Amino acid sequence: MLRYPSLRAPLDILFLICCIALTADVIAPEIWGHGKTKDYPLWFWAGQQVLQGRDLYPSDPGAYFEFIYPPLPAVLLAVPSFFGKIPLYLCLSLLNIVAWWMTAQFSHAMTGSDRKPGVWLEALPGIVTVTFVFDMFDLGQPNLMLLAMMLYGFWLLRRMRPWMAGSMFALATAIKVFPVAVLPYLIWRKQWTAAASMVVFLGLFLFVLPAPFRGYQHNVRELKTWYQGMIGSSSEKGFGQRDEQNWSWVNQSIIAMTHRLTRPVNYGQDDPTQIKPARYMNVANLDFKTANLIVVAVSLLIGLGYLAVMPKASRRTERSDAEEIGILFCLMTVASPLARQYYFMWLFFPMTVLMHRAAYDPRPAVRAGTWALLAVAGGLMLLSLPVFPIDLQAFGNNLAATVVLVAGLVWHMLHPLVADALPPAASGLQRGADHNAHSQGIS
C-alpha cells in the first residue's frame, strides 16, 4: 500500500505545494531576511561545536545548557553544518518532507482496515494536523522525523524484521529520549529480538558512533554531563534545564498537569527573559514530593489500564494491533515530561486509525459515534490556536483530546467486529513474537 508521490494525483500536487511553502518559510529568511530564528541557529551551533572539537555542554551540570539533546544529534548535524547554514536548513526541511509523506503512508497502511483510503480520507489526517507540521518546519524540531522512525519500526515488526525495527526505535531514542517508552511495550509483547536490538543499537548510537568524531572519553564525559543536567535534575523549580517553561502552560504532559493542579506553580511564566504576571490553577496545595507521588500513582493506573485492555495473544488481529499501537503513541506523547504543542504531532497515527474505523466499520452507529468522537478531539485541539487564551492550554486541551482518542481506541479494541472476535490467524506482530520465541527455543 506504500507509494511514491505522483504529479498525476491532485492530492500529491497539493502536498508538494505545501512542502515548497513550508521550506520557503525556513530558507527565505536566511537568504533575504535577518536569518532564520527558532531552533535552527542552535542546530548549526551544535554541528559547528562537533566540527571544531568544542564542548556541547558546560562542565557544570547545573549550568545552563544551550543544547539539551544527547551528543548523537550534534554529530549528525555536523555533516550538513560543514557546508553552511542554508545547506543544513535545507537538509532538515527535506528530512521533514520525507517524514511527513512516510508518516501518512505508514499510518494508512497499518490501520488494519485492509482498505485503500479514498482521496479525502487519505488527506484528512494531514489536514487536521497541518498546524503541528507547520511547527515542525518553523521551529526545526525533530518530532515528525521521530514519528516516521517509530512507525517504520512497527512496519518492520509486521514484516518480521525485528533487528531493523529495534534499530529504528533506538535511533529515535538516541535523538530525543521519550521514545524509550516503547521498550517496556516490546518486552510485554515478548518481542525479545526487537527489544534486544533496541538496547544494543542504543548503546551503539550513544557510545560508539560519536566516538570517532568526539573521542571515546570525551563522548562519555559529555553523556554523563548531559544525563546529570537533563535526566537527573528535578526540583520544585522545574526539570531538564528549562525550569519556568516546564511547569508553564506550554507543557501538557501528565507530570506538568498534575503539578499545576496540585501545587501553586506559576503557569504563566513560559519565557525566563520576560517577567509576566503570575497565574495559578491549583485546586490543592500539596508539596513537591506528594505531587510526584500522585504522578506515579496516575501513571501506574494508566499503565495497568493499558495492560488490562490489551487483547490476549490468541485474540490479536491487525485491527487490534493498530488500536493498541495507537494508544501507545498517545501514552508516549503525554507521558513525556515535556509535551509541548508540537509533541501532539504523534496523534497522527491514532487519529488515522479512528478515521478508518469511522469510514469503514460496517456498524452505522459505530461509524457515526467515531466521527463524533473525532470531532470532539479536533475541537479540543483547535483551542490551541492563538485566538484562544492560554488558560485553555494550561488546563490541558491537547491532553484532553488525547484522552478522547484513547477512549475511542479502547472502545474499538473491546468491541471488535464479529469476524475479528472469532479466534483469528496471528497478526503480523504476533507472528513476529512467535517466530522470535521459536527461534530461541521458547515455544
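Coordinate-derived values only; no laboratory data. What you see is a predicted model, and the numbers here were worked out from it, not measured in a lab. Cβ placement follows ideal geometry from the backbone for every residue including glycine, while neighbour counts extend to all protein chains displayed.
How big is the Kirkwood radius of segment 93-232, worked out from every pair of different alpha carbons and given in Å to one decimal?
16.6
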As a check on your grasp of the helix formula, calculate [θ] at 222 nm for the chain: sum -39500 (n - 2.57) over DSSP H runs of n ≥ 4, divide by the residue count, round to the nearest 500. -20000 deg cm²/dmol
Would you kindly work out the equivalent ellipsoid of segment 209-355 from its C-alpha gyration tensor and give its semi-axes, the square roots of five times the eigenvalues, largest first in whole Å? 30, 25, 16
By how many degrees, between 0 and 90 and to the nearest 10, does the Cα long axis of helix 143-158 differ from the longest principal axis of the chain? 40
First select every other residue whose beta carbon is under 15 angstrom from the beta carbon of Gly53; then total the charges, Lys and Arg +1, Asp and Glu -1. +1
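Taking a 21 Å limit on the Cα-Cα distance, which of the listed pairs Lys36/Lys276; Lys36/Lys224; Lys85/Lys224; Lys190/Lys312 fall beyond it?
On the way: Lys36/Lys276 26 Å; Lys36/Lys224 32 Å; Lys85/Lys224 29 Å; Lys190/Lys312 12 Å.
Over 21 Å Cα-Cα: Lys36/Lys276; Lys36/Lys224; Lys85/Lys224.
For Tyr89, Tyr342, what ranking results if the residue with the fewest other Cβ atoms within 10 Å of its Cβ goes first? Walk me through the numbers on the way to the answer.
Working: Tyr89 24, Tyr342 19.
The fewest-first ordering by Cβ neighbours comes to Tyr342, Tyr89.
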Gain in span if fully extended, Trp120 to Gln274, counting 0.36 nm per residue against the direct Cα distance: 51.0 nm
Just round it to a whole percent: the fraction of Cα-Cα distances in the chain exceeding 40 Å. 18
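Taking neighbour counts of Cβ atoms within 10 Å as a proxy for exposure, in what order, fewest first, do Met145, Met168 appear?
Arranged by neighbour count, lowest to highest, Met145, Met168 become Met145, Met168.
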When Asp114, Asp39 are ordered from fewest to most other Cβ atoms inside 10 Å of their Cβ, what list results? Asp114, Asp39
Theoretical gain in end-to-end length, Thr37 to Val283 [0.36 nm per residue, Cα-Cα removed]: 84.8 nm
Using the Cβ atoms and a cut-off under 15 Å, what net charge is assigned to the surroundings of Ser107, where Lys and Arg are +1 and Asp and Glu are -1? 0
Could you check the simple spin-label distance between Glu66 and Leu304, using points 7 Å along Cα→Cβ, in nm with one decimal? 4.8
